[in-house]
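Here the structure is laid out as structure tokens; the discussion comes afterwards.
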Amino acid sequence: MNTSELVAKIAEAHGVSKTQAQGILDSMLKSSVSAAANGEENSLPGFGKFKVKETPEREGRNPTSGRRLRSPLRESSLIRPPRQ
């Protein structure tokens, strides 16, 4: 399902225009992304949890040369599905 199909389903289910449904979806996603960017966990019951995971700095090796490399701290976003 792509965004336009989701917007159409939301609009049909709630009796609003597709433009209003698109605005609702956009504001919900912006809020979730903003919360995750601030390090907050955002939970949507029945859908999942949005959060940012930090991977600590570590030491690695280049497999061809064997040279030691430093992998910097990274942040990645996660979406955890709900338990069923």
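Values quoted throughout were computed directly from the atomic coordinates according to the rules given, and no laboratory measurement underlies them. Just so it is clear, the model here is predicted, and its values are computed rather than measured. Backbone-built Cβ (ideal geometry, glycine too); neighbour counts: all protein chains shown.
Observations on the model:
- The range 62-84: number of residues that are part of a strand (DSSP E or B), in contact (Cβ under 8 Å) with a residue 12 or more places away in the chain, surrounded by 10 or more Cβ atoms within 10 Å (Cβ to Cβ) and of a type outside the set (Val, Ile, Thr): 6
- Some residue of the range 50-61 being without any contact (Cβ under 8 Å) to a residue 40 or more places away in the chain, of a type outside the set (Lys, Arg), within 29 Å of Ser4 (Cβ to Cβ) and surrounded by 11 or more Cβ atoms within 10 Å (Cβ to Cβ): yes
- Answer residue from the range 11-45, given it is surrounded by 12 or more Cβ atoms within 10 Å (Cβ to Cβ) and of a type in the set (Asp, Glu) and is farthest from Leu78 (Cα to Cα) among those: Asp26
- Counting only residues that are more than 11 Å from the chain's Cα centre (by Cα) and part of a loop (DSSP other than H, G, I, E, B), the range 31-51 holds 6 of them.
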